[in-house]
Amino acid sequence: MMAKCLDHLRSKDGRWNASLALLTAGMVALLLTILLFLMSEAWPFLISADTGHGGNRLFTNLLQNPGWYPLEGRFGLAPMILASLAVMLGAILIALPLGLINGIYLEFYASAAFARGFRLLLNLLAGIPSVVFGLWGLTRLVPWITQWQPPGASLLAAILVLSLMILPTIALTSASALASVPRELHTGAIALGLRRTSQIIHIMLPAARSGIVAGTILAAARALGETMAVLMVAGNVVQIPATLFEPVRVLTANMALEMAYAVGEHRASLFASGLLLTLVVWGLSWMAYRLGRHQRKFARHD
Amino acid sequence: MFQRLTGLLLAVALCLSAYGVQAADNRLILTGSSTVAPLVLEMAKRYEQQHPQVRIDVQTGGSTRGVNDTRTGLAHIGMASRNLKPTETGLRVHTIAIDGVGIIVHRSNPISSLSNTQIIDIYTGKIRNWKDVGGRDLSITVVNKAEGHSTLELFLNYFALKNSQVRPSIIIGDNEQGIKTVAGNPGAIGYVSIGAAEFSQARGVTIKRLPLEGVAASVAEVQAHRFPLARPLNLLTGKSPSPLARRFIAFAQSEAVADLIADQFFVVPR
Amino acid sequence: MIDRVFSTVVFAAAALVVAALVWVLTDVVSEGAARISWAFLVTEPRDAGRAGGIAPVLVSTLWVLVIALAAALPLGLGVAIWLSEFAPKQRGFAAYTGITLDVLAGIPSIVYGLFGNAFFSVYMGLGYSLLAGGLTLACMILPVFIRTCESGLRQVSDDWRQGAWALGMTRAAAVCHVLLPAARPAILAGLVLGIGRATAETAALLFTSGYVDRMPESPLDSGRVLAVHIFDLSMNVTGGDGAAYGSALVLIVLIVLLNGLAQSLVDNWFKRRISQ
């Protein structure tokens with residue numbers, strides 16, 4: 001057994017296997033370090049018992065504490081969690097219908113040449129750095145909203161910039177989900193004499209549904225994790241917004257703004273919000289993955 | 001490709017090991033207050049001209065960052081536009097200039113002065129429109145500083161406010177960001193370093209400073225010890241700074257940089 | 001009738017999206033083009049970036065990118081090969097690796113910034129440096145890069161493996177001469193994704209590579225990358241918007257160029273591999 005093992009190691013494959021496995025182990029160690037570092041830095045915030053009220057500090061901080069004032073030792077994350085969700089949902093609400101219709105346009109309406117150009121434009125825009133969208137939002141969108149409804153830097157500005165950022169992704173994934181629907185389904189629908197609108201709405205969209213939803217969830221994850229573009233246009237006031245025109249601060253922006261000088265429990269609370277975001281984004285990616293797999297199965301079986 | 005990439009990796013590893021050599025006594029890293037940074041940057045440029053082998057890096061982020069980075073060793077020297085708090089031990093303070101904190105509004109704003117009560121009412125959200133203090137019918141955009149900046153702490157202290165009482169419309173970080181925000185919004189009010197504000201105004205930025213308790217927010221009034229909201233601009237080091245850090249601080253406190261302090265609209269400490 | 005309404009809606013939505021996207025793009029291109037000149041690319045920034053150029057910023061950007069790729073590429077490719085070709089199928093260690101990678105791929109970039117600051121800058125003592133920034137970015141792009149390469153390798157038909165085996169090739173040789181070339185599109189896609197993310201990143205670099213805007217002399221100097229430069233100019237510099245748009249245009253062109261370059265490099269390399 002031992003001799004065989006050594007033999008194996010002496011062979012070229014054995015060395016490859018061993019060294020690559022070692023490499024993988026090292027990498028996993030590195031990646032685990034990232035997670036462990038995050039958790040250990042966040043730990044004081046997660047476990048510290050609230051001496052005043054007897055309850056768990058995390059619970060108090062998440063739900064009851066009315067505000068985020070590190071100077072006064074108050075770390076209420078609730079307004080920022082709500083702001084993050086509001087910005088994400090708002091962006092999806094705008095980008096999903098528009099993106100979906102553009103996917104339909106690309107697949108069923110656009111001429112081949114125009115679709116090519118349009119795809120190129122969408123790909124280019126999907127690759128534009130978020131800080132450029134932030135710059136554009138700050139210098140074009142915010143002054144424009146200011147004239148109308150000061151202060152301008154607001155929930156609305158953040159939603160508009162983000163929806164512009166995720167639109168190309170949603171349009172492209174919807175188009176490819178529609179393209180991967182089996183041809184027979186489409187030809188069948190035509191053979192049944194269905195109207196074009198009915199073909200698309202009743203046959204093609206349901207068949208491509210899981211792919212579209214998966215793409216949307218990925219876009220939502222991106223929206224939730226986005227930092228710079230939102231930081232630049234949202235005004236960054238910690239509050240639960242009553243209207244679209246009020247400024248908000250999202251979790252990611254909070255980390256970017258306060259990381260530089262946070263110490264002690266304040267710093268731990270930033271790492272804890274990072275951990276929280278990671279879990280949510282991971283959950284979203286996992287859902288997208290499951291749905292994407294479903295779509296592939298569907299495509300294969302038909 | 002693998003060999004080439006391995007080579008690259010090796011090079012990176014070499015760089016890593018070379019770090020020990022690199023960290024010799026010819027570079028200084030300073031971080032902290034955005035009020036102090038522009039001044040120190042000018043001082044650093046002059047110091048580098050006189051000592052070509054020395055490299056000085058200056059980064060902003062707020063006074064508290066300066067304190068933290070000096071304590072963790074990320075920076076050789078911290079910059080803080082305030083005095084140390086009782087909890088911030090183990091540091092030495094070297095004052096290089098004096099500055100004030102002034103209220104600024106957009107240049108087109110007809111208001112020429114605000115009382116302390118009015119300022120407090122604006123910042124706590126009791127007054128939300130300029131017409132309530134004798135101005136135009138325009139809603140007020142309250143610009144507040146992010147926590148960790150000493151300008152915020154001085155402002156709150158002076159007006160006996162807690163940050164949780166302030167009802168801001170926009171939160172900003174550095175002085176420059178505050179000036180840029182106010183200059184771009186006719187209904188905005190903010191508070192920034194007087195030095196930074198005068199410096200920007202001298203270059204035509206559309207802001208104006210309001211007097212505080214009837215005293216003009218100007219370098220001259222800060223120099224005469226009349227302006228009520230003044231603060232020291234400090235450099236921070238550990239208990240035993242490196243020889244280069246010591247030399248640089250001596251340089252920053254010497255007559256050789258008095259003109260730079262005046263150019264940035266700060267006051268030389270006496 | 002319904003068909004006509006529906007197609008009108010579709011065309012209107014498409015026109016709206018194209019208009020919005022073209023608006024952003026033309027804004028950036030026209031404002032940026034007004035600033036860009038040869039001098040803009042090769043001079044140092046003056047007056048906090050209002051005047052002068054972006055030469056040191058460009059150099060810092062390339063440094064960070066090269067460091068990130070140099071660390072992520074060999075590591076990522078090696079791990080992907082092991083996962084798809086050598087690891088026991090989908091069990092034990094390999095499965096856990098997969099799960100870890102999926103978790104890490106979902107971490108927002110700012111969180112990598114927090115980690116990079118705590119680990120590379122403070123714990124490893126690299127301070128604010130291009131090296132710390134590049135390594136942070138490497139951690140950030142690794143999970144996605146590995147997953148793309150791995151799935152590309154897995155999708156290579158088993159016929160190729162059996163063919164290589166029938167020819168008496170070792171597994172290592174099969175990987176180098178058959179499987180990697182066959183998985184080329186996926187590897188390329190992973191590379192392009194990585195370059196795109198690394199070049200565009202701001203949040204992860206604010207607290208790792210810092211924002212000193214002068215020419216870096218070694219990877220241990222702090223340096224300001226293009227994305228951070230744009231952020232600083234637009235947020236903190238009155239009258240810096242023009243230069244910010246100029247830098248934004250340079251950044252977009254840079255990303256497009258790098259993608260093209262990556263494509264042609266990978267193409268070349270695989271051509272040589274196959275003909276060997």
Single match in A:Ala179, A:Ala175 (criterion: open to solvent by 50 Å² or more (accessible area, probe 1.4 Å), under 14 Å from A:Glu107 (Cβ atoms), in contact (Cβ under 8 Å) with a residue 60 or more places away in the chain and hydrophobic (A, V, I, L, M, F, W, C)): A:Ala179
Hits in the range C:148-181 (condition: open to solvent by less than 40 Å² (accessible area, probe 1.4 Å) and among the small types (Gly, Ala, Ser)): C:Gly152, C:Gly163, C:Ala164, C:Ala172, C:Ala173, C:Ala174
Output for the range B:1-52, where each listed residue is hydroxyl-bearing (Ser, Thr, Tyr) and either at positive phi or at pLDDT below 50 (or both): B:Thr6, B:Ser17, B:Tyr19
The range B:164-211, residues that are open to solvent by less than 10 Å² (accessible area, probe 1.4 Å), away from chain A (no Cβ under 14 Å) and of a type in the set (Val, Ile, Thr): B:Ile179, B:Val192, B:Ile194, B:Ile207
Among residues of the range B:230-248, those that are open to solvent by 10 Å² or more (accessible area, probe 1.4 Å) and more than 19 Å from B:Pro38 (Cα to Cα), counted: 8
Lone qualifier among A:Leu279, A:Leu244 - being aliphatic (A, V, I, L, M), open to solvent by 10 Å² or more (accessible area, probe 1.4 Å), at negative phi and not in a helix (DSSP H, G or I): A:Leu244
Qualifying residue in the range A:126-147 (condition: in contact with a helix residue (DSSP H, G or I) (Cβ under 9 Å, 6 or more places away or on another chain) and away from chain C (no Cβ under 14 Å)): yes
Checklist (1) open to solvent by 10 Å² or more (accessible area, probe 1.4 Å); (2) in contact (Cβ under 8 Å) with a residue 40 or more places away in the chain; (3) within 11 Å of chain A (Cβ to nearest Cβ); (4) not charged (D, E, K, R) applied to C:Leu101, failing item: (1)
Per-region count, the range B:120-148, residues within 26 Å of B:Ser81 (Cβ to Cβ) and part of a helix (DSSP H, G or I): 3
Test: residue in the range A:186-196 that is open to solvent by 10 Å² or more (accessible area, probe 1.4 Å) and facing another protein chain (nearest Cβ under 10 Å): yes
Any chance B:Gly238 is of a type outside the set (S, T, N, Q) and over 26 Å from B:Ser112 (Cα atoms): yes
Selection status of C:Arg46, free of Cβ contacts under 8 Å to residues at least 40 places away in the same chain, under 22 Å from C:Ser209 (Cα atoms) and in the same structural domain as C:Ser209 (by TED's automatic domain parsing): yes
Count - residues of the range C:1-49 that are closer than 30 Å to A:Arg119 by Cβ and away from chain A (no Cβ under 14 Å): 2
Scope the range C:104-116; condition free of Cβ contacts under 8 Å to residues at least 12 places away in the same chain and assigned to a helix (DSSP H, G or I); matching residues: C:Val111
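Here is a yes/no grid of residues against (1) within 25 Å of C:Ile230 (Cβ to Cβ); (2) more than 18 Å from the chain's Cα centre (by Cα):
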residue: C:Ser60; (1), (2): yes, no
residue: C:Trp63; (1), (2): yes, no
residue: C:Ala72; (1), (2): yes, no
residue: C:Leu83; (1), (2): no, yes
residue: C:Gly92; (1), (2): no, yes
residue: C:Phe115; (1), (2): yes, yes
residue: C:Ser129; (1), (2): yes, yes
residue: C:Ser157; (1), (2): no, yes
Scope the range A:11-30; condition at the interface with chain C (Cβ under 7 Å from one of its Cβ atoms) and either in contact (Cβ under 8 Å) with a residue 12 or more places away in the chain or under 18 Å from C:Ser84 (Cβ atoms) (or both); matching residues: A:Asp13, A:Trp16, A:Asn17, A:Leu20, A:Ala21, A:Leu23, A:Thr24, A:Met27, A:Val28
Members of the range C:8-46 found to be under 30 Å from C:Val212 (Cα atoms), surrounded by 12 or more Cβ atoms within 10 Å (Cβ to Cβ) and among the aromatic types (Phe, Trp, Tyr), listed by number: C:Phe40
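For (1) at the interface with another protein chain (Cβ under 10 Å from one of its Cβ atoms); (2) in a helix (DSSP H, G or I); (3) more than 30 Å from A:Met259 (Cβ to Cβ), each residue gets a yes or a no:
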residue	(1), (2), (3)
C:Leu179	no, yes, yes
C:Leu188	no, yes, yes
C:Ile195	yes, yes, no
C:Thr199	yes, yes, no
C:Glu217	yes, no, no
C:Ala262	no, yes, yes
Test for C:Ser209: is it touching a Gly at 6+ places or on another chain (Cβ under 6 Å) and open to solvent by less than 10 Å² (accessible area, probe 1.4 Å): yes
From B:Thr151, B:Thr117, residue being open to solvent by 50 Å² or more (accessible area, probe 1.4 Å) and either outside any helix (DSSP H, G or I) or among the polar types (S, T, N, Q) (or both): B:Thr117
Subset of the range C:55-94 (residues that are without any contact (Cβ under 8 Å) to a residue 60 or more places away in the chain, open to solvent by 30 Å² or more (accessible area, probe 1.4 Å) and in a helix (DSSP H, G or I)): C:Leu62, C:Gly92, C:Phe93
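For every residue, the table says whether it meets (1) more than 29 Å from A:Leu155 (Cβ to Cβ); (2) modelled with pLDDT of 90 or more; (3) out of contact with any strand residue (DSSP E or B) (no Cβ under 9 Å at 6 or more places or on another chain); (4) open to solvent by 50 Å² or more (accessible area, probe 1.4 Å).
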{"site": "A:Leu62", "(1), (2), (3), (4)": "no, no, yes, no"}
{"site": "A:Pro66", "(1), (2), (3), (4)": "no, no, no, yes"}
{"site": "A:Ala83", "(1), (2), (3), (4)": "no, yes, no, no"}
{"site": "A:Pro97", "(1), (2), (3), (4)": "no, yes, yes, yes"}
{"site": "A:Glu107", "(1), (2), (3), (4)": "yes, no, yes, yes"}
{"site": "A:Leu124", "(1), (2), (3), (4)": "no, no, yes, yes"}
Residue list for the range A:151-166, restricted to those being within 14 Å of chain B (Cβ to nearest Cβ) and of a type in the set (Gly, Ala, Ser): A:Gly152, A:Ala153, A:Ser154, A:Ala157, A:Ala158
Search result, residues across the range B:228-241 that are in contact with a strand residue (DSSP E or B) (Cβ under 8 Å, 6 or more places away or on another chain) and farther than 22 Å from B:Pro211 by Cα: B:Asn234, B:Leu235, B:Leu236, B:Thr237, B:Gly238, B:Lys239, B:Pro241
Residue in the range C:228-244 that is in a loop (DSSP other than H, G, I, E, B), more than 30 Å from B:Gly204 (Cβ to Cβ) and hydroxyl-bearing (Ser, Thr, Tyr) present: no
Enumerated helices (runs of 4 or more DSSP H) restricted to the range B:156-270, each holding at least 1 residues that are closer than 28 Å to B:Ser139 by Cβ and of a type in the set (S, T, N, Q): B:175-183, B:194-202
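The values are calculated or read from the model by the stated rules, or taken from the named source; none is laboratory data. Owing to the predicted nature of the structure, the values given are computational and were not obtained by experimental measurement. No Cβ is skipped: glycine too gets one built from the backbone with ideal geometry, and neighbour counts run over all protein chains shown. The protein model used for the area step is the full one, side chains on, heavy atoms only, and it has no ligands, DNA or RNA in it. Shrake-Rupley method; radii C 1.70, N 1.55, O 1.52, S 1.80 Å.
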